[in-house]
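One structure is given here, and the rest of the page talks about it.
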Amino acid sequence: MGAGNARRTLLQATAIAALLLATALAAVALQPIRAPTREQLFEIPQGTWARRMAGARVEILPAELHLTLGVRDILVLHNLDDVPQQFGPILLMPGQTFRMPFTMAASYPFACTAHLSGQMSIVVEPNPATPWARLAWRFSNYLRSGRWS
């Protein structure tokens with residue numbers, strides 16, 4: 001086998017690999033985003049307030065939560081703690097569940113007693129309607145959560 005044949009074989013293998021990669025990316029980009037539910041559930045565990053008052057660093061909710069219109073656009077908070085918890089203008093009593101649907105892409109700051117800082121931000125992203133937007137959404141979602149959707 002001469003050097004020309006080896007180079008041609010390498011180029012063919014590279015072209016096939018590039019074609020397979022492009023096909024896989026196109027399949028991921030064209031596939032609609034599906035979620036079993038549009039709700040994103042977060043629970044405030046029992047004893048959260050007591051642990052915070054004792055000086056423990058308690059991180060239940062992320063400081064910045066990402067939702068996506070049409071995919072996961074309903075925030076559900078469930079207070080399992082023994083004391084009320086404040087989330088923005090909402091006071092969640094012990095055992096209470098609150099659903100907050102979002103209909104507009106934006107960043108929403110909230111006061112939150114479940115955070116040490118007392119603040120939380122909800123970033124609602126637009127629905128990834130185009131193939132490139134779906135591909136970018138899946139990639140950023142994977143970077144945030146470690147899961148491919």
Relative to the longest principal axis of the chain, what angle (0 to 90°, nearest 10) does the C-alpha long axis of helix 3-30 take?
30 degrees
For the chain, find the longest principal axis of its Cα atoms and tell me its angle to the long axis of helix 131-145, 0 to 90°, nearest 10.
60 degrees
For His66, the residues 5 or more places away or on another chain with a placed amide H closer than 5 Å to its own amide H are Val123
As a test, work out the antiparallel percent of DSSP beta bridges whose residues both lie in segment 39-145, rounded to the nearest 5.
60 percent
Please build a GNM for the chain, connecting alpha carbons under 10 Å apart, and tell me which residue among Leu67, Leu19, Leu77 fluctuates the most.
Leu19
Under a Gaussian network model of the chain whose springs join Cα atoms within less than 10 Å, the largest fluctuation of Gly47, Gly55, Gly88 belongs to Gly55
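As a test of the formula, what do you get for the chain when each DSSP H run with n ≥ 4 contributes -39,500 (n - 2.57) and the sum is divided by the residue count, at 222 nm and rounded to the nearest 500 deg cm²/dmol?
Mean residue ellipticity at 222 nm (helix-derived): -11000 deg cm²/dmol.
We did not get these values from a lab; they are worked out from the coordinates using the rules stated. What you are looking at is a predicted structure, and each value in this text was computed from that prediction instead of being measured.
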